1. If you place +1 on the Cβ of every Lys and Arg, -1 on the Cβ of every Asp and Glu, and leave all else neutral, what size is the dipole of the protein assembly as shown about its Cα centre, to the nearest 20 Debye?
2. Return the average number of partner chain Cβ atoms within 10 angstrom of each residue Cβ along peptide B:284-290.
3. Say each of A:T62 and B:T191 gets a label point 7 Å from the Cα, pointing the same way as Cα to Cβ; how far apart are those two points in nm?
4. Can you tell which of A:M75, A:L41, A:L56 lies farthest toward the positive end of the dipole of the stretch A:7-114, using +1 and -1 charges on the Cβ of basic and acidic side chains (Lys, Arg; Asp, Glu)?
5. Averaged over all directions, how much area does the convex hull of the C-alpha atoms of the protein assembly as shown cover when projected, in nm²?
6. Pull up all non-local amide H partners of B:E117: gap of 5 or more, or a different chain, and H-to-H distance under 5 Å with H placed in the peptide plane.
7. Can you give the average number of partner chain beta-carbon atoms within 10 Å of each beta-carbon in peptide B:304-314, as a whole number?
8. With viscosity set to 1.002 mPa s and temperature to 20 °C, compute the Stokes-Einstein D of the stretch B:214-303, Rh being the Kirkwood radius across alpha carbon pairs; µm²/s, no decimals.
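Since every read-out is calculated from the coordinates, none of them should be taken as a lab result. All figures in this text were calculated on a predicted structure; none of them were measured in a lab. Every residue, glycine as well, gets a Cβ built from its backbone with ideal geometry; the counts of neighbours run over all protein chains shown.
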Amino acid sequence: MSALPQRSPGSERALRLRRSLTDHLVTVLAVGSTILVLVPLILILGYLLYKGTSSLNLDFFTKIPAPVGESGGGMANSIVGSAVVLTLASLIGIPVGIGAGVYLSEYGRGRMLGNAIRFTADVVNGVPSIVVGISAYAVVVVKQGHFSAFAGGIALSIMMVPTITRTTEEMLATVPLAVREAAYGLGIPKWRTVLSVSLRTASPGIITGCMLAFARAAGETAPLLFTAFGNQFWSWDLRQPIAALPLQIYTYAVSPYDEWHRLAWAGALVLILLIMISVTLVRIFAGRGMLKGGN
Amino acid sequence: MDNPTQEIKPLVEPATAENAPLRLPKLVMSDVAQGTSEHLEPTRAAEPSEVRKFLNEKSSGRLADGSFAALMLVCGLSLFFIVGLILWVLVMNSRPSLHAFGFKFFTHSVWDPVSGEFGALPFIWGTLVSSLVALILAVPLALCTAIFLLEICPQKLRAPISFLTEFLAAIPSVVYGLWGVFVLVPFMRDTAGPFLEKTLGWTGLFAEPNFGVGMFTASVILAIMIFPVISSISRDVMRAVPVSQKEAVLALGATRWEMLRMGVLRNARIGIVGAVILGLGRALGETMAVTMVIGNHPDISKNLFAPGYTLASVIANEFTEATGDLYLSSLIEIGLALFLVTIVVNAIARLLVWAVTRGQSQRHA
């Protein structure tokens, strides 16, 4: 306070000016950087829509890839292959993920083991997908002797588990204690309370988490490179290599043929749309869920 | 205001005073008189009620409880199992290369599958440089956007803009790669490249020849990809700062920037560092998009326009065509190195973020 009176009115004004200038500068910077970030996003989406829609046609959804040099062909087998691999991954990943989330929220709260599992889930979430791919290769593909849809499913399920675990735990944490106590008050055992009361109350949030994990797995390419491997033909056999949409996009994108580039754009558009639709559907579905789960 | 209440009161009071004591016994009496008690009373004395019996039948108590808890525990432990399995598999399969090269594997700069010489230094260099340049590009933008969304943005725009920035995270890596190959690479070659060379060429970081594919293009793609992670987590961390802190600084006459600097950024700095490291972890392991634009050539060069190679992209490119045990195990050893590095980086980042947001309901990107 003693320094204030010594300051001349001029320097005081300069100081105030500098402060307000800095403030405005930061505001401009923040607004500018947000715009700068939105530009590539809009460019990517716009270009994808432009390129994708111009090369999408019915053949894309009904035909298998044409041989090199021939025009036409589609990615029907890749879409089906992706669906097969993702179904397998969900069948493994979702129950395990939800189970782990239930353990963290209902049994492991405040325990050393619970904290360790939670931490591991967060760390596994950051493991590069390509590393998961080689592990699945070494465990499943080498044992079987050939690439297979099954190995791809295993690799993707490993990618799904940590996300589902963490969302399930967070959503269960929002279920009020009173709801559980009401169940206990009726003499319902704990396992039944967890299944029919806690999980049910939190289900909209948990379903959203599962769909987000699903969407992330749907776009993964790296874990499938050495597991599902890709296939130019129809395949339903879990023990055989299978096509997948992201793999096919990758193969076509790095190829030297214009016709294949065109298909790669169409594939990318379909992939993005599938992901967007699944996420939006879940938003709507979860929005009017049974008890709204307090989230 | 006074009149209606005065009028209502006399209406209400007689009603409760007269009816309530009369109705209550009536209701109870009628229930009992309808015979429910006569049917229930003897059974209740002999055995547990219908509800209790039903529950006992449907839930075999302790056994079910115990096995359910055990099942959930197994699911939880599966995460340890996953980490353990990955580690074990990688170590086991990289043994030939571990034996042949030892630690020299990571300091040797020649990668020649034909003559059987394997050194991972070019890939480590490529991974580090591309990730660091990506961080330099992404961090200021991400922090500015986080500040914008938290403090400056009008309420109406907040939801759509944060949805859009988060949508960047939902785009699959391979789609970024596709866009990179057909849009960003020509742009870098024809427009941005010559400009950078003219303005920053004196640093030696941007020099001819510029083919469009190379380290810098990969860094730009990486920056776009890690931006949502850094932005959304640092936003969570900043939101965790108590409002009273901000109000206290504002009450002292601070401008908005001074409030952000003293009240928010200083309190949240550990968590922001955590968010940045989390972004680094994502960048280190990113595979597809980088593989498609980095040029895939194992060189160590100061020039950012030169093609490079990263740990993840060498695995993606050469794994399926690797012939011979030593080649394959060298690639798996690279995977092992990548795994260990990302585990450590992520663990540090998580601990830092936890230190700030602990006690709050945590939201993750």
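1. Details: 48 positive and 40 negative charges, 328 e Å.
Charge dipole of the protein assembly as shown: 1580 debye, to the nearest 20.
2. 5
3. Those two pseudo-labels are separated by 4.0 nm.
4. So the residue furthest toward the plus end is A:L41.
5. 46.1
6. When sequence neighbours closer than 5 places are left aside, the close amide H contacts are B:D112.
7. Numbers: counts 0, 0, 0, 0, 0, 0, 0, 3, 5, 2, 1.
Mean inter-chain Cβ contacts per residue within 10 Å come to 1.
8. The Stokes-Einstein estimate is 140 µm²/s.
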